[in-house]
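Take a look at the structure below.
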Amino acid sequence: MDESSLKSKFRGALVGVVIGDALGAPFEGMQTVSRPAIEDVLDADVALGYTDDTHMTIGIAGSLIERGGFDGAHMAEVLARNYFAQPWRGYGPAPPEVFRRLREGARWDQAARTLFGGQGSFGNGSAMRVTPVGLLAHRDLDQVADLAEQTSIITHTHMLGIEGAVLQACAVAILVRAVDENTFDVGEFVAQLRARVRAPKYQRRLDTIEDLLPDSSADRVVEELGHSIAAHESVPTAIYTFLRNASSFTEAVTYAIELGGDTDTIASMAGALSGAHLGLEAIPEGWRNRVEGTDSLIQKADALAEMALPPRGSAAL
């Protein structure tokens, strides 16, 4: 893959995060969403702001760039600092509690472990922000999985929360590595993801994804995969949404929102996957211009790409 194609995929993935997030946010919590309702939002002459999904993605990317890789204490401090600067971004109850504990002196890898009776959170908060990890480490899936787990335990220590982040990050990495979108093999893609998770709830849903393709009803998709804030009921849904609409960014994001539920997060994760697969050029310029933070995310994508590129003069990607 040439350098320009790689940078396009990095840009597409991070811009996909914010577009799915911002476009899905007005519909969060609705059981279903109509296509005309989504089109009304797109047609309105107003800017679309992002939520905690993108806010934390920015924090993850910023820390990786500033530290030249993963630094748990630094990343936790960046996430906490960003939250206290803009707490109105739509955060759920668990991350702010973790950030308060961090400010009180808790270690970055211990602050979240006592949440929910010591079980930790299995929400999708660590999956929705993990795209920068999949980009930076995309050449080594073992490293992607390890870094995804480390970034997850800052706020999400339940196995289901961790594996949701691993699944999303590995999916992004695999799609970045795919050179030819026209020869993309769905079965191989799902098999690679299945090998990265152990929880039966993920294994079953990944098996179900192939059964649901190409065009099961929305009711069946939600019944089989879910559309809630739980990681195991949203990450597989985002993967299915992408696979169902693998050749179209706009359809992937729109379909994710139509399913209802946690629309901003599922559309954000689906947008990241579609952007990583198709590149920035597949995202309508009009959509990019409507959404807050796009230029900043493109800059971060370029910085991550420079970090991920092999040394000059080495073998091709």
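Note that the range 45-133 presents 42 Å² accessible area per residue, ligands and nucleic acids not counted, probe 1.4 Å. The string of couplings for the range 134-150 from the Karplus curve (6.51, -1.76, 1.60, θ = phi - 60°) is x, 6, 4, 9, 4, 6, 9, 5, 4, 5, 4, 4, 5, 5, 4, 5, 5 Hz, one whole number per residue in order, with x for Gly and Pro.
Of the accessible area of the range 1-41, with the probe set at 1.4 angstrom, what percent is carbon plus sulfur?
49 percent
Sorting 159, 1, 75 by accessible area puts them as 159, 1, 75; the probe is 1.4 Å, largest comes first, and only protein heavy atoms count. Against the criterion of solvent-accessible heavy-atom surface with a 1.4 angstrom probe, 107, 177 sort, most first, into 107, 177. The GNM of the chain, with springs linking C-alpha atoms under 10 angstrom apart, assigns the highest mean-square fluctuation among 289, 245, 124 to 289.
How much of the accessible area of the range 114-210, probe 1.4 Å, is carbon plus sulfur, in whole percent?
Reported share for carbon and sulfur atoms: 47 percent.
For residue 123, the amide hydrogen comes within under 5 Å of the amide hydrogens of 231, counting only partners 5 or more places away or on other chains and with H modelled in the peptide plane. Computed per residue of the chain from DSSP H runs no shorter than four, each worth -39500 (n - 2.57), the mean residue ellipticity at 222 nm is -19000 deg cm²/dmol.
Listed values for the range 22-34 are Karplus-derived 3J(HN,Hα) couplings in whole Hz (6.51 cos²θ - 1.76 cosθ + 1.60, θ = phi - 60°), namely 5, 6, x, 4, x, 10, 4, x, 6, 5, 9, 9, 7, and x replaces Gly and Pro. For the chain, modelled as a GNM whose springs connect Cα atoms under 10 angstrom apart, the maximal fluctuation among 149, 39, 28 occurs at 39.
Rounded to the nearest 20 Debye, what is the dipole magnitude of the chain about its Cα centre when Lys and Arg each give +1 and Asp and Glu each give -1 at the C-beta? Mind showing how you got there, number by number?
Numbers: 27 positive and 43 negative charges, 209 e Å.
Result for the chain is approximately 1000 debye, rounded to the nearest 20.
Farthest toward the positive end of the dipole of the range 163-317, out of 267, 169, 247, is the Cα of 169, where the dipole comes from beta carbon charges about the Cα centre.
With a 1.4 Å probe rolled over the protein heavy atoms of all chains, the accessible area of 109, 264 falls in the order 109, 264, largest first.
Of all the options 158, 227, 277, the one that moves most in a Gaussian network model of the chain with Cα springs shorter than 10 angstrom is 158.
As an exercise, identify the trypsin sites (Lys or Arg not before Pro) in the range 222-317 lying in DSSP coil whose Cβ has no more than 13 other Cβ atoms within 10 Å.
Sparse-neighbourhood loop trypsin sites (Lys or Arg not before Pro): 312.
Residues whose amide H lies under 5 Å from that of residue 291, counting only those 5 or more places away or on a different chain, are 48; hydrogens are built 1.01 Å from N in the peptide plane. Each residue of the range 230-245 was assigned a 3J(HN,Hα) from its phi angle through the Karplus curve 6.51 cos²θ - 1.76 cosθ + 1.60 (θ = phi - 60°); the sequence is 5, 4, 6, 10, 9, 4, x, 5, 5, 5, 4, 4, 4, 4, 5, 10 Hz, with glycine and proline shown as x.
The values are calculated or read from the model by the stated rules, or taken from the named source; none is laboratory data. Note that the coordinates shown come from a computational prediction; the quantities given were computed from them, not determined experimentally. Methodologically, a virtual Cβ is constructed for each residue, glycine included, from the backbone with ideal geometry; neighbour enumeration extends over all protein chains shown. For the accessible areas, the whole protein counts, side chains as well, though only heavy atoms, and no ligand, DNA or RNA atoms are used. Shrake-Rupley method; radii C 1.70, N 1.55, O 1.52, S 1.80 Å.
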